[in-house]
Amino acid sequence: LKAERDYHIFYQILSQRKPELLEMLLITNNPYDYAYISQGETTVASINDAEELMATDVHADKAAYLMGLNSADLIKGLCHPRVKVGNEWVTKGQNVQQVYYSIGALSKAVYEKMFLWMVVRINQSLDTKQPRQYFIGVLDIAGFEIFDFNTFEQLCINFTNEKLQQFFNHHMFVLEQEEYKKEGIEWEFIDFGMDLQACIDLIEK
């Protein structure tokens, strides 16, 4: 978008901390060579640093090479895409703005596929190969109820709520803080309030 910067990783790649990466990706270290990372409009007064001539064919060659495509086919697909009209495929021409939108859509699709590929690779690397169970549970419980006249139903509802609250408090506060003590971590003690375990035990007995 106009006047916005892009993801930090793109600028870090161009920082020349790893020159071999620039060579592998067939890119320069000048952000103004690339439309998506040069929209920040960081300018200096009296200095015109805009690149008026873009080496479009060179960029297309490099992009096509990295995606395993023929440069001519890539340009043709962007400038004269095939679209389905009814039961037939036709080739249509596009103006500059339409080509720009096509490049944007292609860039987003490539980024999405690269991101998902990376997630799969990371999951494969971290996979323990051990059998596991996947479970998603959704619990919708009634709130705590206090009426002028309370029945056995309110007792059951409120007792269930207290059991769940006690479970949460025990695991999130008691057990976690015991773990902090074992590991020698400095922290400020968290008092989660009234401990009703004795009341729960009394009702269960």
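Quick note: the coordinates plus some simple rules give every number you see, no bench work behind them. Only a predicted model underlies this, so the values are computations on that prediction, with no experimental measurement involved. Please note: Cβ atoms are built from the backbone with ideal geometry, for glycine as well, and neighbour counts cover all protein chains shown.
Checking the structure you have, find out if any residue of the stretch 115-124 is of a type outside the set (V, I, T), more than 23 Å from F10 (Cα to Cα) and part of a helix (DSSP H, G or I).
Yes, there is a match, as at least one residue in the stretch 115-124 is of a type outside the set (V, I, T), more than 23 Å from F10 (Cα to Cα) and part of a helix (DSSP H, G or I).
Report, by residue number, each residue of the stretch 5-37 that is surrounded by 11 or more Cβ atoms within 10 Å (Cβ to Cβ), of a type outside the set (S, T, N, Q), in a helix (DSSP H, G or I) and under 22 Å from the mean Cα position of the chain (by Cα).
Residues satisfying the conditions are F10, Y11, I13, Y36, I37.
Would you call K181 within 29 Å of the chain's Cα centre (by Cα), of a type outside the set (F, W, Y) and assigned to a helix (DSSP H, G or I)?
no
If only one of G137, G104, G143, G93 is assigned to a loop (DSSP other than H, G, I, E, B) and under 26 Å from the mean Cα position of the chain (by Cα), which one is it?
Among G137, G104, G143, G93, only G137 is assigned to a loop (DSSP other than H, G, I, E, B) and under 26 Å from the mean Cα position of the chain (by Cα).
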